[in-house]
Amino acid sequence: MDNLLSKINSPRDLKEIPKEKLPEVAREIRKLIIDTVSKTGGHLASNLGVVELTIALYYVLDIPEDKVIWDVGHQCYSHKILTGRRDRFHTLRQFGGISGFPNKNESEYDLITSGHSSTSVSFALGLAAARDIKKGKEKVVAVIGDGALSGGEAFEGLNNAGQLAKDLIIILNTNEMSISVSVGALSKYLNRIITNPLYNKVRDELKVFLGRIPKLGSRVSEAGRRFEEGLKNLIVPGAFFEELGLRYFGPIDGHNIEQLISTFESVVSIKGPKIIHVLTKKGKGYKPAEKNPAIFHSSKPFSVKNGRAADVPADNKETEEQTTYTKVFSNALTELSRENKRIVAVSAAMADGTGLDKFALEFPERFFDVGIAEQHALTFCAGLAVKGFIPVAAIYSTFLQRGYDQIFHDICLQDSRIILCLDRAGLVGDDGPTHHGIFDISYLRHLPNLVIMAPKDANELISMLATAVNIKHPVAIRYPKDKVDAPQVKEHPILPLGRSDVLRKGEDVCLLAYGSMVKEAVEAAVILEKAGIGAEVINARFVKPLDEKMIENIAKCGRKVITIEEGSMLGGFGSAVAEMLQANKEDNVHLRILGLPDKFIEHGNRRMLLDKYGLGAEKIAEFVKKEFFK
């Protein structure tokens with residue numbers, strides 16, 4: 001059998017493949033994705049679900065002249081393979097390799113860098129509007145999933161698309177529904193009729209003709225339209241989109257390449273905003289991913305034979321020595337909630353990822369998953385708080401950015417008793433710049449009423465969660481995507497607000513570390529001790545409120561101080577310390593700030609990125625020697 005994929009280096013090459021051989025191309029792409037992700041990790045289930053959809057779309061369109069925007073972008077693997085990156089696909093998500101998301105710096109075929117959901121319709125509509133101003137002819141397509149469609153921006157885009165009536169194609173990929181035989185067969189028949197060029201020509205000319213009839217013309221035209229669409233919507237679920245002003249086509253089988261191509265070829269010539277509804281199956285073609293699409297949403301390396309993660313023991317049991325911050329949070333919140341009936345939990349479609357799945361199983365009446373709608377989630381929490389509940393919203397740091405105004409207006413301004421748990425704070429590794437949580441310290445610490453803290457280890461995370469429940473103000477707790485030693489003690493005391501903790505004494509330099517960097521600072525101090533340098537290590541715990549007494553004591557001694565944080569240096573923890581010193585007119589301190597630079601950090605292994613940007617223990621020790629002990 002010929003290797004068809006080896007002949008495809010661009011969408012133009014794809015068009016040279018006979019239609020009847022395209023299913024074989026799909027099989028080859030699917031195999032390449034499975035084999036690669038089994039080694040590199042990545043978003044497997046979503047990518048296996050859109051193989052045929054991508055092939056059909058690129059077979060019909062003229063790429064890159066025509067533009068396709070992939071919502072979220074975690075389903076772009078087939079896109080990358082078909083656009084000249086097949087030979088580099090083995091470097092997926094590896095440092096220096098290709099990104100797991102569209103990246104405009106990587107290829108002319110990646111129009112934007114993306115990784116957050118619900119943005120594609122708005123972006124594509126902007127492209128269509130710009131095209132019309134410039135008198136262009138290219139087609140513009142947005143591909144959005146049913147999950148991303150739950151985001152508010154997606155509805156804003158759909159509403160405006162119907163209003164502007166630009167020539168735009170929106171492909172709605174639903175992967176949580178199945179196609180029944182009757183609906184599928186009838187839908188195919190309807191689409192053969194309503195995508196027929198002659199049908200649409202007659203339809204449009206009839207509307208114009210009836211509109212010319214004095215007085216009755218517009219009424220007859222409207223009545224005809226309502227009859228036509230009413231009949232159609234008895235069978236297919238397009239009424240909502242039609243009312244917004246978008247022509248609806250579907251639903252169609254998203255794994256039937258012939259039907260996809262036929263529909264795309266017909267619809268592409270119809271002017272105005274259109275939505276094509278396709279039904280796909282997550283994990284299509286790989287049984288473990290079909291059976292457990294949530295597990296294979298963002299997968300670690302795994303065995304192709306059985307789908308088991310490479311670093312998980314055969315009995316699938318967690319070791320006693322190590323766990324993750326997410327699991328520590330999950331267990332601690334569940335335990336606290338057994339005693340405190342006012343605690344409720346809110347997720348923005350990430351219950352599994354944030355560890356709230358355990359809470360949801362035990363307290364289903366107190367758990368709310370609002371979908372990919374961070375803005376709504378935060379204001380929803382504010383409503384719960386008004387009635388005396390203590391909402392805990394567990395959201396990835398990078399996604400919390402999407403609800404900034406709600407944090408300001410609906411939480412901090414109201415001084416609401418809400419706990420924001422920022423999972424994946426800091427460098428997350430292989431998912432890259434759209435997913436690194438490196439800006440939360442900067443965008444949160446200037447908001448009044450908000451308490452912000454970060455734990456050095458599992459025990460401290462448990463204490464911080466218990467502390468947050470007892471604070472009658474909004475609280476944010478940030479913690480990394482990382483393994484951590486399992487909790488070693490049963491008692492987890494409430495922490496004094498704004499108090500730091502001296503972990504190690506030293507006379508020569510003070511390492512003032514925050515959160516995940518405390519461990520690195522302690523290890524750096526050990527390295528420095530061997531070089532004859534005594535380093536004091538202070539676990540800051542809080543970035544707001546800062547431990548003013550501790551900082552004043554450091555200032556009085558005229559110490560050499562280095563602040564260390566896994567976040568942007570601009571407006572971060574180090575900036576807060578510098579601002580306090582300046583406000584108190586303390587000039588004796590020799591301060592250096594160590595953190596991440598003013599740039600979007602590339603994808604790569606978290607440990608490697610920490611070392612590259614000077615945040616590993618050895619790099620911190622080198623920095624201390626260079627700055628103060630040349």
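The values are calculated or read from the model by the stated rules, or taken from the named source; none is laboratory data. This is a predicted model, so every value here is computed, not measured. Cβ: placed from backbone, ideal geometry, glycine included. Neighbour counts: every protein chain shown.
Against the numbered list (1) touching a Gly at 6+ places or on another chain (Cβ under 9 Å); (2) surrounded by fewer than 20 Cβ atoms within 10 Å (Cβ to Cβ), I494 comes up short only at (1). If you scan region 135-164, which residues turn out to be part of a strand (DSSP E or B) and either under 19 Å from V268 (Cβ atoms) or in contact with a Lys or Arg (Cβ under 6 Å, 6 or more places away or on another chain) (or both)? Correct list: V140, V141, A142, V143, I144. Filtered by the rule that a residue be without any contact (Cβ under 8 Å) to a residue 60 or more places away in the chain and out of contact with any strand residue (DSSP E or B) (no Cβ under 9 Å at 6 or more places or on another chain), region 369-382 gives a lone residue, T379. Return a yes/no flag: does region 284-292 have any residue that is modelled with pLDDT under 95, among the hydroxyl-bearing types (S, T, Y) and in contact with a helix residue (DSSP H, G or I) (Cβ under 8 Å, 6 or more places away or on another chain). No, because not a single residue in region 284-292 is modelled with pLDDT under 95, among the hydroxyl-bearing types (S, T, Y) and in contact with a helix residue (DSSP H, G or I) (Cβ under 8 Å, 6 or more places away or on another chain).
Screening region 40-53 for residues that are assigned to a helix (DSSP H, G or I) and touching a strand residue (DSSP E or B) at 6+ places or on another chain (Cβ under 7 Å) and picking the one that is surrounded by the fewest Cβ atoms within 10 Å (Cβ to Cβ) gives L53. Assessment of region 19-34 against the conditions (of a type outside the set (F, W, Y), more than 12 Å from H79 (Cα to Cα) and in contact with a strand residue (DSSP E or B) (Cβ under 9 Å, 6 or more places away or on another chain)) yields no matching residue. Among the criteria (1) modelled with pLDDT under 95; (2) crowded, with 24+ Cβ neighbours inside 10 Å, the one L400 does not fulfil is (1). Only a single criterion out of (1) within 28 Å of F89 (Cα to Cα); (2) at pLDDT 95 or above is not satisfied by N173, namely (2). Screening V143, V121 for residues that are in contact with a Phe, Trp or Tyr (Cβ under 7 Å, 6 or more places away or on another chain), of a type in the set (A, V, I, L, M), buried (at least 23 other Cβ atoms within 10 Å of the Cβ) and touching a residue at least 24 places away in the same chain (Cβ under 8 Å) leaves exactly one candidate, V143.
Among residues of region 275-290 that are within 20 Å of L246 (Cβ to Cβ), those with a Cβ under 6 angstrom from a residue that is of a type in the set (F, W, Y), sequence gap 6+ or separate chain, pair up as I275/F241; I275/Y248; I276/F249. Take L450 and decide whether it is surrounded by 24 or more Cβ atoms within 10 Å (Cβ to Cβ) and over 30 Å from E321 (Cβ atoms). It is false that L450 is surrounded by 24 or more Cβ atoms within 10 Å (Cβ to Cβ) and over 30 Å from E321 (Cβ atoms). Residue count for region 602-630, restricted to those that are touching a His at 6+ places or on another chain (Cβ under 8 Å) and surrounded by 18 or more Cβ atoms within 10 Å (Cβ to Cβ): 0. The set of residues in region 124-135 being in contact with a helix residue (DSSP H, G or I) (Cβ under 8 Å, 6 or more places away or on another chain) and surrounded by fewer than 22 Cβ atoms within 10 Å (Cβ to Cβ) consists of A129 alone. Restricting attention to region 355-382 and to residues that are under 25 Å from S299 (Cα atoms) and of a type in the set (V, I, T), the residue that is surrounded by the fewest Cβ atoms within 10 Å (Cβ to Cβ) turns out to be V370.
Annotation note: of K31, K39, K21, K104, the sole residue that is among the basic types (K, R) and in contact with a helix residue (DSSP H, G or I) (Cβ under 7 Å, 6 or more places away or on another chain) is K21. Cβ separations smaller than 6 Å between residues 6+ apart or across chains give the following pairs from region 567-584 residues that are farther than 14 Å from P597 by Cβ to residues that are modelled with pLDDT of 95 or more and part of a helix (DSSP H, G or I): F573/I441. If you take the residues of region 319-354 that are acidic (D, E) and surrounded by 13 or more Cβ atoms within 10 Å (Cβ to Cβ), which of them is modelled with the lowest pLDDT? Filtering first and then ranking leaves D352. Just one of the numbered conditions (1) touching a Ser or Thr at 6+ places or on another chain (Cβ under 8 Å); (2) in a helix (DSSP H, G or I); (3) touching a residue at least 40 places away in the same chain (Cβ under 8 Å) is not true of L32: (1).
Results for (1) part of a helix (DSSP H, G or I); (2) touching a residue at least 40 places away in the same chain (Cβ under 8 Å); (3) over 24 Å from the mean Cα position of the chain (by Cα), shown as yes or no for each residue.
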| site | (1), (2), (3) |
| --- | --- |
| E28 | yes, no, yes |
| S38 | yes, yes, no |
| I55 | yes, yes, yes |
| H79 | yes, no, no |
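Can you find a residue in region 501-510 that is among the basic types (K, R) and farther than 16 Å from D547 by Cβ? Taking every residue of region 501-510 in turn, at least one turns out to be among the basic types (K, R) and farther than 16 Å from D547 by Cβ.
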